[in-house]
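Participant: Can you read through this structure? Questions will come right after.
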């Protein structure tokens with residue numbers, strides 16, 4: 001969400017939810033030997049964890065510097 005759409009942005013909370021959800025998906029992929037997919041999902045989880053801990057930058061994209 002951005003300030004332009006009139007809604008309050010809560011990127012860290014959204015990222016925390018995404019990290020949790022993606023972690024479950026990654027586990028499903030691992031359980032079914034979908035190694036490449038599990039890897040990609042783990043990378044998404046790591047990114048979401050970082051955003052949830054450090055917040056998003058001023059443009060709403062990625063961690064603050």
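Participant: Tally the residues that are within 13 Å of residue 51 (Cα to Cα) and surrounded by 15 or more Cβ atoms within 10 Å (Cβ to Cβ), restricting the search to the range 13-27.
Facilitator: 5
Participant: Hey, can you tell me all the residues within the range 1-27 that are over 13 Å from the mean Cα position of the chain (by Cα), modelled with pLDDT under 95 and part of a helix (DSSP H, G or I)?
Facilitator: In the first step, residues of the range 1-27 are kept if they are over 13 Å from the mean Cα position of the chain (by Cα); the result is 1-9, 27.
Those still in the list that are modelled with pLDDT under 95 too: 1-9.
Those that are over 13 Å from the mean Cα position of the chain (by Cα), modelled with pLDDT under 95 and part of a helix (DSSP H, G or I): 3, 4, 5.
Participant: Which condition number does residue 30 fail, the rest of (1) surrounded by 11 or more Cβ atoms within 10 Å (Cβ to Cβ); (2) part of a helix (DSSP H, G or I); (3) modelled with pLDDT under 95 being met?
Facilitator: (3)
The values are calculated or read from the model by the stated rules, or taken from the named source; none is laboratory data. Predicted model, so just to flag it, every value in this text is computed and none were measured. Every residue, glycine among them, receives a Cβ derived from its backbone with ideal geometry; neighbour counts consider all protein chains shown.
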